[in-house]
Amino acid sequence: MELYDLFSTGRAHLAAGEYLAAIPPLEQARSISPGTGSIRESLAVAYLRAHRYRDALPEAEAAIECAPNDHYAYYLLGRAHQGLGDRVAARAQYKLATWLRPGDEAYEAALAAVAARA
């Protein structure tokens, strides 16, 4: 399969709620193009939804390296940290996400949730 087909297949599985099915084509796409932020971000989403937080962490970090102003990648990194039980790190990432995209209700709710439990 070509890169675009792998990525499209993975995204289609994500859209259908088939998170485990999304992982293999997205991992293959990452192998072909490891420096593509959208692939790394999509793979982080698939891992998070499959509760594979340890796997999601480097994918979200790589997405941030590809696009340092990507608010959603910071949010994903926060979710990975939160899933691993590191509320301090999660809070820092949620703060960055809200700073980059003020007024986003999901980011603000995530920040409030970890701040309330800290």
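Just so it is clear, none of the values below were taken in a lab; they were calculated from the coordinates. Keep in mind that what you see is a predicted model, and the values were worked out from it rather than measured. Cβ sites come from the backbone with ideal geometry, for glycine too, and all protein chains shown count toward neighbours.
Inside the stretch 60-82, residues that are over 12 Å from the mean Cα position of the chain (by Cα) and among the small types (Gly, Ala, Ser) make up a count of 1.
Checked against (1) closer than 23 Å to residue 96 by Cα; (2) buried (at least 19 other Cβ atoms within 10 Å of the Cβ); (3) β-branched (Val, Ile, Thr), residue 23 meets all criteria but (1). Hey, could you check the stretch 105-118 for residues that are of a type outside the set (A, V, I, L, M, F, W, C) and surrounded by fewer than 17 Cβ atoms within 10 Å (Cβ to Cβ) and say which is farthest from residue 68 (Cα to Cα)? Looking at residues that are of a type outside the set (A, V, I, L, M, F, W, C) and surrounded by fewer than 17 Cβ atoms within 10 Å (Cβ to Cβ), I get 117. All told, residue 30 falls short of being closer than 21 Å to residue 101 by Cβ, basic (Lys, Arg), without any contact (Cβ under 8 Å) to a residue 40 or more places away in the chain and crowded, with 17+ Cβ neighbours inside 10 Å.
Residues in the stretch 67-95 that are surrounded by 17 or more Cβ atoms within 10 Å (Cβ to Cβ), of a type in the set (A, V, I, L, M, F, W, C) and within 22 Å of residue 35 (Cα to Cα): 73, 76, 77, 80.
Anything in the stretch 42-66 that is small (Gly, Ala, Ser), buried (at least 17 other Cβ atoms within 10 Å of the Cβ) and either over 16 Å from residue 96 (Cβ atoms) or in contact with a Gly (Cβ under 9 Å, 6 or more places away or on another chain) (or both)? List them, or say none.
Pass one, the stretch 42-66, residues small (Gly, Ala, Ser): 42, 44, 46, 50, 56, 60, 62-63.
Of the ones still in play, those that are also buried (at least 17 other Cβ atoms within 10 Å of the Cβ) are 42, 44, 46, 56, 60, 62-63.
Within the stretch 42-66, 42, 46, 56, 60, 62, 63 meet the criteria.
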